[in-house]
Amino acid sequence: MPTHSTTHPNTLLLKTEKDSASYALGISVGQSLEAQNLSNINTELFLKGLKEITEKKKVQLTDAQVMNIITAYAAKMHELRTQANIAAGKKFLEANGKRPGVVTLPDGLEYEVLKAGTDTIKPTLADKVTCHYHGTLIDGTVFDSSVDRGEPVTFPLNGVIKGWQEALQLMTVGSKWKIYLPSDLAYGNKGAGEKIGPGATLVFTVELLGVQK
């Protein structure tokens with residue numbers, strides 16, 4: 001969940017339980033809109049609609065119109081965010097692929113070997129693998145990390161994103177790579193969770209610790 005600066009409650013004059021609940025609801029609704037990429041709104045009209053409902057006044061839209069407008073606007077905002085993320089990822093990968101030591105595969109996956117393997121064993125899609133990994137967005141935002149948790153993970157290789165499947169089948173046990181995945185090899189235009197937006201390019205440092213045949 002995105003974090004925001006906080007202000008001491010006393011400076012907001014939250015004198016009663018109702019005051020606190022009202023402010024908390026405002027925060028909750030705002031966070032929900034932000035999570036759905038719907039925070040780019042006319043706040044004045046948003047509050048007008050909210051006030052008309054809470055004061056049981058007549059509103060200017062039917063329930064069907066409300067649903068249709070929100071659905072269409074959400075789709076538009078999602079597409080704009082997707083295309084912006086794809087463009088940023090493309091620019092990042094173009095520059096990254098020119099760095100010494102970075103290998104670019106035909107489908108756009110990029111990798112660099114940080115540590116060579118200690119074995120010749122490579123996994124197949126039928127295997128389970130044990131890995132340590134650290135995943136970030138192209139701006140360095142961490143979205144998941146077994147390294148930070150201090151515990152490696154074991155999983156079927158055929159159950160993860162395409163970029164992982166491809167890269168890990170090229171790695172040998174003991175090797176450590178940094179892989180750069182365009183969105184079509186990661187979570188595509190849907191994204192995943194709160195931090196991985198639609199069309200996001202992802203960066204992983206992956207260490208292959210073991211293979212279970």
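The values are calculated or read from the model by the stated rules, or taken from the named source; none is laboratory data. Not measured: the values here are computed from a predicted model. We place every Cβ from the backbone using ideal geometry, glycine too, and count neighbours over all the protein chains shown.
Entry remark, the stretch 62-75: residues being surrounded by fewer than 12 Cβ atoms within 10 Å (Cβ to Cβ) and either modelled with pLDDT of 95 or more or over 18 Å from the mean Cα position of the chain (by Cα) (or both) number 8 in total. Scanning the stretch 195-213 for residues that are within 13 Å of Ile138 (Cα to Cα) and polar (S, T, N, Q) turns up Thr201, Thr205. Taking the condition in contact with a helix residue (DSSP H, G or I) (Cβ under 8 Å, 6 or more places away or on another chain) and small (Gly, Ala, Ser), does Gly140 pass? Judged against the criteria, Gly140 is not a match. Starting from residues that are among the hydrophobic types (A, V, I, L, M, F, W, C), part of a strand (DSSP E or B) and at pLDDT 95 or above, keep the ones in the stretch 146-195 and report whichever is surrounded by the most Cβ atoms within 10 Å (Cβ to Cβ). That would be Leu181.
Being closer than 28 Å to Glu34 by Cα, without any contact (Cβ under 8 Å) to a residue 12 or more places away in the chain and of a type in the set (A, V, I, L, M) is the requirement here; does Ala87 meet it?
Working: closer than 28 Å to Glu34 by Cα: yes; without any contact (Cβ under 8 Å) to a residue 12 or more places away in the chain: yes; of a type in the set (A, V, I, L, M): yes.
When the stated conditions are applied, Ala87 passes them.
The residue of the stretch 39-61 that is farthest from His78 (Cα to Cα), among those that are modelled with pLDDT of 90 or more and hydroxyl-bearing (Ser, Thr, Tyr), is Thr54.
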